[in-house]
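Below is one structure, written out as structure tokens; comments come after it.
The values are calculated or read from the model by the stated rules, or taken from the named source; none is laboratory data. Only a predicted model underlies this, so the values are computations on that prediction, with no experimental measurement involved. Positions of Cβ are generated from backbone atoms using ideal geometry, with glycine treated the same way; all protein chains shown enter the neighbour counts.
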Amino acid sequence: MKLFIDTATKFLYVALIEEGIVDLVSKIGNNDHSKTLMVEIEEMFARNNISIKDIDEIIVGEGPGSYTGVRIGVVVAKTFAHFNNIKLKKVSTLEVLASTFTGKVAVMVDARRGHVFSAVYDLDNDYLVIIEPKMRLEEDFKEEVKGIKMVTIDNANIRPDLLKTTLVENVHAFSPNYLREWGE
């Protein structure tokens, strides 16, 4: 069974996956993912009568998103993976949000001060990246993607069972993808 975690946005996402989604928690946070993430995981394990020993893979959203939010999910995933010898995989939070739809999808997450973390994917072509993930001016991105379905974090119907993931070879060296240059 797989455990999925993403804490990069105001939504907290936790899921169990085994040949599809077994259980999914998608709830809006109040800058409190550090308080609620472990509670949600424990309650999910209890609902499904499992423990961490039943997890053979962890998938974590690596960002971009809230600097602190991203780190919360990544630290929990790395800790579980390391201490329980579980395979760790990562996925872009922008891809997680895009997974709600089919076709060409523009995704953006607020990066503050008029900027967004954004990308465009073609989900019908195996998450083909059409516009690379990057921090951009929100106004410019919206103009560039006119006519393409837009996804924001208000959409909570993610499909983590469909995501393309990348194996984290060295759990200790893995760090989030902030997409923000220092000083921006």
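The strands (runs of 3 or more DSSP E) located wholly in segment 96-184 include none with 2 or more residues which are touching a helix residue (DSSP H, G or I) at 6+ places or on another chain (Cβ under 6 Å) and at pLDDT below 90. Within segment 61-70, the residues that satisfy the criterion of being within 18 Å of Leu97 (Cα to Cα) and out of contact with any strand residue (DSSP E or B) (no Cβ under 6 Å at 6 or more places or on another chain) are Gly63, Ser66, Tyr67, Gly69, Val70.
Give me the residue from segment 2-19 that is farther than 17 Å from Thr68 by Cβ and of a type outside the set (Gly, Ala, Ser) and, out of that set, surrounded by the fewest Cβ atoms within 10 Å (Cβ to Cβ). Result: Glu19. One residue alone among Val60, Val76, Val70 is touching a residue at least 12 places away in the same chain (Cβ under 8 Å) and part of a strand (DSSP E or B), and that residue is Val60. Note on segment 126-159: among residues that are closer than 29 Å to Glu19 by Cβ and touching a Gly at 6+ places or on another chain (Cβ under 9 Å), the one that is surrounded by the most Cβ atoms within 10 Å (Cβ to Cβ) is Ile153.
The residues listed here are Gly69, Gly29; of these, the one that is surrounded by 17 or more Cβ atoms within 10 Å (Cβ to Cβ), closer than 25 Å to Leu137 by Cβ, in contact with a helix residue (DSSP H, G or I) (Cβ under 9 Å, 6 or more places away or on another chain) and of a type outside the set (Phe, Trp, Tyr) is Gly69.
The lone criterion from (1) touching a Ser or Thr at 6+ places or on another chain (Cβ under 8 Å); (2) outside any strand (DSSP E or B); (3) at pLDDT 95 or above; (4) within 25 Å of Ile21 (Cα to Cα) left unmet by Lys89 is number (2). Kindly indicate the residue of segment 95-121 that is within 10 Å of Lys149 (Cβ to Cβ) and polar (S, T, N, Q) and also surrounded by the fewest Cβ atoms within 10 Å (Cβ to Cβ) among those meeting that condition. Restricting to residues being within 10 Å of Lys149 (Cβ to Cβ) and polar (S, T, N, Q), the top hit is Thr102.
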